[in-house]
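The values are calculated or read from the model by the stated rules, or taken from the named source; none is laboratory data. Treat the numbers as computed from the prediction; the structure is a model and nothing was measured. Neighbour counts are summed over all protein chains in view; Cβ atoms, including those assigned to glycine, are modelled from backbone coordinates with ideal geometry. Just the protein is used for accessible areas: all its heavy atoms, side chains included, with ligands, DNA and RNA removed. Shrake-Rupley method; radii C 1.70, N 1.55, O 1.52, S 1.80 Å.
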Amino acid sequence: MRPAVLAAALVLLACGGAPVTGGRTPTAGALPAGFSGDRVARIQAEIDWLRATSGFLSLVLTDTSDSAKDGLNRYVQFLGGQPGPLFAEASIRKGNGPNLSDADTIAALGKLGFSTPDAGHPNYWNAQITAPSHDVAVMVETIFIQVFKASPAYQLDVRRGT
């Protein structure tokens, strides 16, 4: 998905309306209700790290607090690094079961450029994340808050892998 298309999709999904002037995603001060500017900044810093590091790396972002409450495992994982685009997976499941695949989840992730799980990919996936890091961070927050229905105060856990 092209960066401009991803940015427009993020704004539409996150804000529930037309894109902000110029088709850009909201700034930290203009994030949708329930979004944490600190969390978005932390996610952006991690995406920047991944993009700046040579080799093939992983970055796993997990909601640890809501999982303890409702038993749903929510995560967004990025694979890649310098040089090249990032590959992303998103997953929400009860325990070790299959991904939850209700129509709303499928549609919301589809608007963000994610394909539905299939025989080759057990999670929702997007093979070409090329948008700016801030836009990707807003996308991750959108997935957790609006798509996976995490609480606005969810605790983000970050794990880097090589």
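Percent of C-alpha pairs per 5 Å bin in region 70-115, short distances first: 5, 18, 25, 22, 16, 9, 4, 1. Between the C-alpha center of region 90-162 and that of region 39-54 there is a gap of 17 Å. Reachable lysines from K69, Cα under 23 Å, same-chain residues fewer than 8 places away excluded? Straight-line reach from K69, under 23 Å: K94, K149.
Tally Lys/Arg at +1 and Asp/Glu at -1 over every other residue whose Cβ is under 13 Å from the Cβ of F35; what's the total? Around F35, the surrounding residues sum to 0. Here the accessible area is traced with a 1.4 Å probe on the protein chains. For region 39-87, carbon and sulfur cover 59 percent of it. Tell me the net charge near T62. Cut-off is 11 Å between Cβ atoms, T62 excluded, with +1 for each Lys or Arg and -1 for each Asp or Glu. Within the 11 Å Cβ shell, the charges total -1.
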